Amino acid sequence: MIVRKMVNYKRLGISTLTGAILGVVCILGAVQRIPGNFGDNLAYLMGIWTMRVILGIVIGLAGGIVIFKGEKWQPWINAVIRGILFGLIFSVAILLIDPFKDYSTFAAGIAYGPVTDLITTFIILLISKKEKNKEN
């Protein structure tokens with residue numbers, strides 16, 4: 001495993017924004033499954049959203065972690081593995097404190113990790129490609 005030390009602030013911003021958007025999607029799904037209304041569960045729902053934003057921040061900071069070396073497929077396989085690992089960690093944390101034991105939220109967190117990392121990696125690769133084209 002290789003770890004690069006510089007923070008890519010574009011990646012951090014994109015992944016944080018992606019985490020925030022997916023957090024809203026997660027809230028919309030969770031509010032349908034848990035008893036009570038939105039106001040009664042506001043702290044719980046904001047906790048879910050906050051965990052998705054933090055997941056996005058962690059994924060943004062983890063862009064330099066290379067688990068598998070390769071050529072064309074390296075960014076994608078690393079994004080999926082990093083996303084699953086971090087999604088699992090954050091989903092377990094949510095499930096442990098979840099008064100409703102909402103396993104759908106748990107599964108969504110595992111899925112949102114790779115989705116966040118893949119979206120972020122895709123956008124960063126597009127930006128890098130565009131910057132290389134400008135230089136040439």
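Side notes on the structure shown:
- Residue-wise HN-Hα couplings along segment 21-36, as the Karplus relation 6.51 cos²θ - 1.76 cosθ + 1.60 with θ = phi - 60° gives them from phi, are 5, 5, x, 5, 4, 5, 4, 4, x, 5, 5, 6, 9, 9, x, x Hz; Gly and Pro carry x.
- Residue with peak Gaussian network fluctuation, the chain [Cα springs, cutoff 10 Å], from 60, 47, 70: 70
- Three principal axis lengths of the chain [C-alpha, angstrom, descending]: 58, 29, 22
- Segment residue 50-residue 103, length gained on full extension (0.36 nm per residue, minus Cα span): 17.3 nm
- Those lysines that a straight Cα-Cα span of less than 26 Å connects to residue 101, excepting residues fewer than 8 apart in one chain: none
- Value of relative contact order over the chain, rounded to a whole percent, pairs C-alpha under 8 Å and six or more apart: 31 percent
- Note on the chain: with charges restricted to the Cβ of Lys and Arg (+1) and Asp and Glu (-1), its dipole about the Cα centre is near 620 debye.
- With the simple spin-label model, which puts each label point 7 Å out from Cα in the Cβ direction, the residue 10 to residue 57 separation comes to 2.3 nm.
- Helix 74-97 axis versus longest C-alpha principal axis of the chain: approximately 20°, rounded to the nearest ten.
- Cα-based helix-to-principal-axis angle, 103-135 vs the chain, degrees rounded to 10: 30 degrees
- Listed pairs 10/130; 10/69; 69/134 exceeding 21 Å between Cα atoms: 10/69; 69/134
- Extension reserve of the residue 74-residue 122 stretch, reckoned as 0.36 nm per residue once the Cα distance is removed: 16.1 nm
- Qualifying aspartates and glutamates (Cα of each under 20 Å from Cα of residue 129; at least 8 residues distant if same chain): 71, 117
- Cut-off under 5 Å, modelled amide H: who pairs with residue 65 long-range: 4
Values quoted throughout were computed directly from the atomic coordinates according to the rules given, and no laboratory measurement underlies them. Because the structure is predicted, anything quoted here is derived from the model rather than measured. Positions of Cβ are backbone-derived with ideal geometry, glycine not excepted, and every protein chain shown enters the neighbour counts.
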